[in-house]
Ligand SMILES: [Cu+2]
């Protein structure tokens, strides 16, 4: 083996080692990122909200509640109906009157009443 060939082999080996090291590092970074993703998805599911179109039937500020005659909610297979909703914040009810048409976003957490998190009149 000539000295030139030996040097070339050493450089090639060094390059391969460097590539392998870089590859391992990239893999480690990626798996770190992926380990974060399930936690993010879980919090997104807890915050899942659905759009709601409807008409105000009654406003019950004392109980932080509004009764709506709402359109079907296809995401939840809900038919159109009249039902009460909790509101996340009492200020969402300010200025609302029966008969007004509204658009809202609401959440449904297991074991809790559907809760409106945002609402505006049309
Ligand atoms: Cu309903």
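Modelled label positions at residue 78 and residue 64, each set 7 Å beyond Cα in the direction of Cβ, lie 1.8 nm from each other. According to the Kirkwood relation over distinct C-alpha pairs, the hydrodynamic radius of the range 49-121 is 12.0 Å. For the range 78-122, the residues whose amide N sits under 12 Å from a probe point set 7 Å from the Cα of residue 48 along the beta carbon direction are 107-110.
Coordinate-derived values only; no laboratory data. Treat the numbers as computed from the prediction; the structure is a model and nothing was measured. All Cβ positions, glycine included, derive from the backbone under ideal geometry; neighbour counts span all protein chains shown.
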